[in-house]
Amino acid sequence: MPTSSLRINAPRLLANLECLSRIGKLPDGGICRLALSDEDKLARDQLVTWMDESGLDIRIDQVGNIFGVRAGLSNLSPVMLGSHIDSVIGAGDFDGCYGVLAALEVINILNENGIVTKNPIAVASFSNEEGVRYQPGMLGSSVYSGALDISNALNIVGVDGSIYGGELERIGYAGKMRSGDIRPGVYVELHVEQGPLLDRERIPIGVVDGVVGISWWEVTVSGGANHAGTTPVEMRRDAGLAAAKLVQKTREIALKVGGDQRSTCGMIRFFPNAINVIPGKVILTVDLRNSGEAGLAAAEDLLLTSSREIEASDDVSIAIKLLEKVPAVKFDKDVVSSLEKISGALGIRSRRMISGAGHDAQLMARICPTAMIFIPSKGGVSHSPEEFSSPEALTDGGNVLLHSLLVFAGVVDGDQRF
Ligand code: HGY
Ligand code: MN
Ligand code: MN
């Protein structure tokens, strides 16, 4: 069969996505497969089984990234396709998993058609991309790309008090391969958009040429625990009220900085968290994002000044700790234009866009030419059980990934060979 008429086996991809989505399924819908949890282990085991069945050489690195490698005719730099399979709490079926399983589907098509690529291929599943249990997020790709030191990573304490390295040993994924040893010539990540743009504009493919900058903060508000009934207002040092004011302020920061500035308080914990005790302490998180470094810096400054104002007005103290800082990236223009051309050659309309969500590609861009392919998310919803992409969209994205691989791995003539 001429390579131009190759297409993925959509029913197989959809079945594998459905199978993986059953691991960590919550009773009320949604998935909870936090990094290095028992559910993550089960999903990893399933992925490794599929990789083995597809004839891939499985390698696991010191931080728990999983790679399935397929030899090429040469030992040129491999083409790497991947994403992540860990999830947030109440996740949808496709965030991360789609990119990993579509890459595996590409391998199956090559196998079934007896195609040996010029470049080797590596399918990657990066560890702890979401960062819900262990901050920072994109931990596996950060270590892989040299942005985070392996010993620091292994000693990270999770929100549940567990230690990253200890949990990695417990689930049996503390690999021996030095992180970063497979040096890709190009990295392409297929992902659901997780935003409203493609769905709203009815465009099947997004060619992603950049990702926003992200900073994550842990804010500790300390006041004074006291009796809910006997303590007059003027005597209160209410950490709960002060925290509520800060949550309001973070929304005002996004509006004040404007543009594509985003700010979110996703986690908040009251201490002692008792109905009749004025909270003495509150720990909350702030997630700031902006496609421009100046905008992100302005938002961070406003977070600081807002905290100082609330300290004064509410007689509390506020400590702010940086949990993660990932700069905005622009992807490789040759890879971007190749993806556009490939989508066009398949007769699938595309548009360029940047990503408001963080991705492993954001780190891989530090070490090799990188870009991403998006498909529409219905209603732009993600990080929710309502996340949905149609079988047609999932198939389109898989076919663009398949033909991108054929070009980048030297099987067919295309724009760029790596
Ligand atoms: O937070 C993010 O943007 C990604 O889903 N990890
Ligand atoms: Mn993701
Ligand atoms: Mn996500």
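The one condition from (1) open to solvent by less than 60 Å² (accessible area, probe 1.4 Å); (2) of a type in the set (D, E); (3) within 30 Å of P369 (Cβ to Cβ) that E201 does not meet is (1). So which residues in region 376-410 are part of a loop (DSSP other than H, G, I, E, B) and either within 21 Å of the chain's Cα centre (by Cα) or acidic (D, E) (or both)? If the condition is that a residue be part of a loop (DSSP other than H, G, I, E, B) and either within 21 Å of the chain's Cα centre (by Cα) or acidic (D, E) (or both), then P376, S377, V381, S382, H383, S384, P385, E386, E387, F388, S389, S390 are the ones that fit.
For N111, the test of being away from ligand 2 (no atom under 14 Å from the Cβ) and either surrounded by fewer than 21 Cβ atoms within 10 Å (Cβ to Cβ) or closer than 14 Å to H191 by Cβ (or both) is passed.
Under the condition of being more than 26 Å from R133 (Cα to Cα) and open to solvent by less than 50 Å² (accessible area, probe 1.4 Å), the residues counted in region 52-75 number 6. Close contacts from region 356-375, counting a first residue that is within 20 Å of E293 (Cβ to Cβ) and in a loop (DSSP other than H, G, I, E, B) and a second that is among the hydroxyl-bearing types (S, T, Y) and away from ligand 2 (no atom under 12 Å from the Cβ), with Cβ to Cβ under 7 Å and a gap of 6+ residues or different chains, come to R366/S145. Of the strands (runs of 3 or more DSSP E) lying entirely inside region 213-280, those carrying at least 2 residues that are within 17 Å of L303 (Cα to Cα), at pLDDT 95 or above and open to solvent by 20 Å² or more (accessible area, probe 1.4 Å) are 213-222, 262-264. The residue that is surrounded by the most Cβ atoms within 10 Å (Cβ to Cβ), counting only those in region 183-195 that are away from ligand 1 (no atom under 15 Å from the Cβ) and part of a loop (DSSP other than H, G, I, E, B), is P184.
Considering only residues of region 281-308 that are open to solvent by 40 Å² or more (accessible area, probe 1.4 Å) and touching a residue at least 60 places away in the same chain (Cβ under 8 Å), which is farthest from V132 (Cα to Cα)? My answer is E293. For region 366-393, which residues satisfy the criterion of being surrounded by fewer than 16 Cβ atoms within 10 Å (Cβ to Cβ) and closer than 14 Å to Y98 by Cα? Residues satisfying the conditions are S390, P391, E392.
Looking for something without any contact (Cβ under 8 Å) to a residue 24 or more places away in the chain, among the acidic types (D, E) and under 25 Å from V132 (Cβ atoms) - is there at least one such residue anywhere in region 23-46? Yes, region 23-46 contains a residue that is without any contact (Cβ under 8 Å) to a residue 24 or more places away in the chain, among the acidic types (D, E) and under 25 Å from V132 (Cβ atoms).
Yes/no matrix, rows are residues, columns are (1) within 16 Å of ligand 1 (Cβ to nearest atom); (2) over 18 Å from V412 (Cβ atoms); (3) in contact with a His (Cβ under 7 Å, 6 or more places away or on another chain):
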{"site": "T49", "(1), (2), (3)": "no, yes, no"}
{"site": "E53", "(1), (2), (3)": "no, yes, no"}
{"site": "R59", "(1), (2), (3)": "no, yes, no"}
{"site": "R70", "(1), (2), (3)": "no, no, no"}
{"site": "L76", "(1), (2), (3)": "no, no, no"}
{"site": "G99", "(1), (2), (3)": "yes, yes, yes"}
{"site": "I115", "(1), (2), (3)": "no, no, no"}
{"site": "I121", "(1), (2), (3)": "no, no, no"}
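At least 3 residues being more than 19 Å from A174 (Cβ to Cβ) and within 15 Å of ligand 2 (Cβ to nearest atom) is the threshold, and among the strands (runs of 3 or more DSSP E) wholly inside region 47-96 those reaching it are 79-84, 89-91.
The residues listed here are E300, E324; of these, the one that is under 24 Å from the mean Cα position of the chain (by Cα) and in a strand (DSSP E or B) is E324.
The values are calculated or read from the model by the stated rules, or taken from the named source; none is laboratory data. Predicted model only: the values in this text are computed from it and were never measured. Methodologically, a virtual Cβ is constructed for each residue, glycine included, from the backbone with ideal geometry; neighbour enumeration extends over all protein chains shown. With ligands, DNA and RNA removed, areas are computed over all heavy atoms of the protein, side chains included. Shrake-Rupley method; radii C 1.70, N 1.55, O 1.52, S 1.80 Å.
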